[in-house]
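Everything on this sheet refers to the single structure shown next.
Values in this text are rule-based calculations from the coordinates and carry no lab data. Remember, it's a predicted structure, so these values are computed and weren't measured experimentally. Methodologically, a virtual Cβ is constructed for each residue, glycine included, from the backbone with ideal geometry; neighbour enumeration extends over all protein chains shown.
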Amino acid sequence: MSIAPATDPVDLVHLRRCVDLAREGLDAGDEPFGSLLVDASGAVRFEDRNRVAGGDHTRHPEFEIARWAAANLTPGERRASIVYTSGEHCPMCSAAHAWVGLGRIVYATSSAQLVQWRAGWGLEPGPVAALPIGEVAPGIEVTGPAPELVDEVRELQHRLAERSR
Ligand code: ZN
């Protein structure tokens, strides 16, 4: 029995899909991160996973979502959208999310958790400070982590860490 508060069931369904996308990315030789956008009616409109293995390290799914939303949704639709993601947005993606005017963010695991795990596995920090979303985009409503999924995401990140040795 966990004493952590349970995640909203609808949120958990979408986060579950994000973690599956993250696993798909890892299995395809990429990094394990997955994200999707849900519109005001509750429909999933766009989903993607990390695609940095080709060498372009800006190809995060949250960034793709922001670009897609700017091209395909009205400002009102963007504000009413929710972005779900397996790992909290990095500063680049937080900024893109805010610049295109998207709504709430729900993540399964936080950047602070990822930083702590990676340090524990002896990995060097990345080139960008792991600022929480709220420090980059203070107007965005944020929910997370989802305790139900933390162990699974940690396991995916650990597989990546082992592979990059
Ligand atoms: Zn990012």
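When the chain is treated as a GNM with alpha-carbon contacts under 10 Å, the residue of VAL83, VAL38, VAL19 showing the greatest mean-square fluctuation is VAL38.
In whole percent, what relative contact order does the chain give with Cα contacts below 8 Å and a gap of six or more residues? Once divided by the residue count of the chain, the mean separation gives 22 percent.
For the pair region 4-47 / region 101-155, the C-alpha centres are spaced 14 Å from each other. Computed over the chain with a Gaussian network model linking Cα atoms closer than 10 Å, the most mobile of PRO61, PRO127, PRO91 is PRO127. Taken one residue at a time, the phi angles of region 46-61 give Karplus couplings (6.51, -1.76, 1.60, θ = phi - 60°) of 7, 9, 7, 9, 4, 9, 8, 4, x, x, 8, 7, 8, 8, 8, x Hz. Gly and Pro are set to x. Rounded to the nearest 20, the Cβ-based charge dipole of the chain about its Cα centre (Lys and Arg +1, Asp and Glu -1) stands at 220 debye. For the chain, the antiparallel share of DSSP beta bridges with both residues in that region comes to about 60%.
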